[in-house]
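Take a look at the structure set out below.
Please treat every number below as a calculation from the coordinates, not as lab data. Predicted, not measured: the structure shown is a model, and the values here were computed from it. Positions of Cβ are backbone-derived with ideal geometry, glycine not excepted, and every protein chain shown enters the neighbour counts.
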Amino acid sequence: MSGIVEDRVAIVTGAGQGLGRAHAQALAAAGARVVVNDVGENAKKVADAIVAAGGQAMPCVADVADWEQSKRLIDTTVEWFGGLDALVNNAGITRDRMLVSMSEQEWDDIARVNLKGHFCPLRHAAAYWRERSKAGEEVGARVINTSSGAGLLGSVGQGNYSAAKGAIATMTLVAAAEMGRYGVTVNALAPAARTPMTETVFAEQMAPPEEGFDAMDPANVSPLVVWLASESSGAVSGRVFEVEGGTIGVMDGWQFGPRATRERRWEPEEIGAAVADLIEEAPNPAPVYGA
């Protein structure tokens, strides 16, 4: 197989099913050597399927939210394939609940798997690339994180998930600013697709059509992942892309809006009228999903 990422080495976390599996298959089909990461036996099944189709892949069972296991994932990839060019952080779970009913464990599980599970591989991969850069090597590495519309706009019943995915989007911006000096770009996706996480919650919306284009097929998201993992994407960093069906968009996040200024400290009684004026000038925010 050959293509836009030929001979590049890519890790895809949470690649045993859903979006991660689609990303791993698409990267391999475009010529990448892929490390398929997950916590169970599906990692080997996906890797075996890629090899059977003529691609190059190896499975690596590791908990990416564990500091040492995520380091082993990076080290093992370098040992197997001689380097690392792209990290696709995809692993995630949901524990949906209204905030008033959410348990501490449901909050902690989401923060651990989704947010820490992005940070740990990113941290160890960044250290590897920094070392290469400081040794005088030319680095053209890529990180593709997975945020969500829930993280950018909020989603009723998903306060924990929205918080983690919003944090991933912000961490993407910070990582892009910090890691550019080492030849690393960092971007994120906000994908909409049918996966084991979404099809049980949004069964009707995610059901495949009887005929025609399946807009919710997770494979629709993967071409952007392949391009972002390639050398061609080197001028793009610090962006969050919304992907659904045949649509790709760039999300426009928090920006400075209207301001009111006094050359002195505000009095509390003045603030109500000032805030009313500011809200009148500001654009209406996009609604929270489910509101």
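Of note:
- Between helix 268-281 and the chain: long-axis angle, C-alpha atoms, 0 to 90°, nearest 10: 60
- [x] 62, 45, 37; [y] 79, 58, 39; [z] 69, 53, 38, with the label sought being that of the calculated Cα extents along the principal axes in Å: [z]
- Centre separation in Å (Cα based) which lies between the range 74-109 and the range 151-174: 13
- 11 Å beta-carbon shell around V39, net charge (K/R +1, D/E -1): -4
- Chymotrypsin sites (Phe, Trp or Tyr not before Pro) within the range 52-130, DSSP loop, no more than 16 other Cβ atoms inside 10 Å: none
- For the range 227-256, applying the loop criterion from DSSP together with a ceiling of 11 other beta carbons within 10 Å to the chymotrypsin sites (Phe, Trp or Tyr not before Pro) yields W254, F256.
- Summing charges over all other residues whose Cβ lies under 12 Å from the Cβ of W67, with Lys and Arg as +1 and Asp and Glu as -1, gives +2.
- Taken about its Cα centre, the range 9-250 carries a charge dipole of about 660 debye when Lys and Arg each add +1 at the Cβ and Asp and Glu each add -1 at the Cβ.
- Packing, taken as the mean count of other beta carbons within 10 Å per residue, orders the peptides 51-58, 278-285 from highest to lowest as 51-58, 278-285.
- Residue order, fewest to most surrounding Cβ atoms within 10 angstrom, among R21, R130: R130, R21
- Candidate cross-link partners of K134 among the lysines, defined by an alpha-carbon separation under 24 Å and a same-chain spacing of 8 or more, comprise K71.
- Residues K45, K134, sorted so that the one with the fewest Cβ neighbours within 10 Å comes first: K134, K45
- Cα long-axis angle, helix 42-52 against the chain (0 to 90 degrees, to the nearest 10): 50
- Cα gyration tensor, the range 83-165 - rounded (a/c under 1.5), prolate or oblate: prolate
- Cα long-axis angle, helix 67-81 against the chain (0 to 90 degrees, to the nearest 10): 40
- Residues V64, V240, arranged from fewest to most other Cβ atoms within 10 angstrom of their Cβ, appear as V240, V64.
- Distance from the range 1-68 to the range 207-283 (C-alpha centre basis), Å: 29
- Taking the Cα centre of the range 1-94 as reference, the dipole from Cβ charges on Lys and Arg (+1) and Asp and Glu (-1) amounts to some 200 debye.
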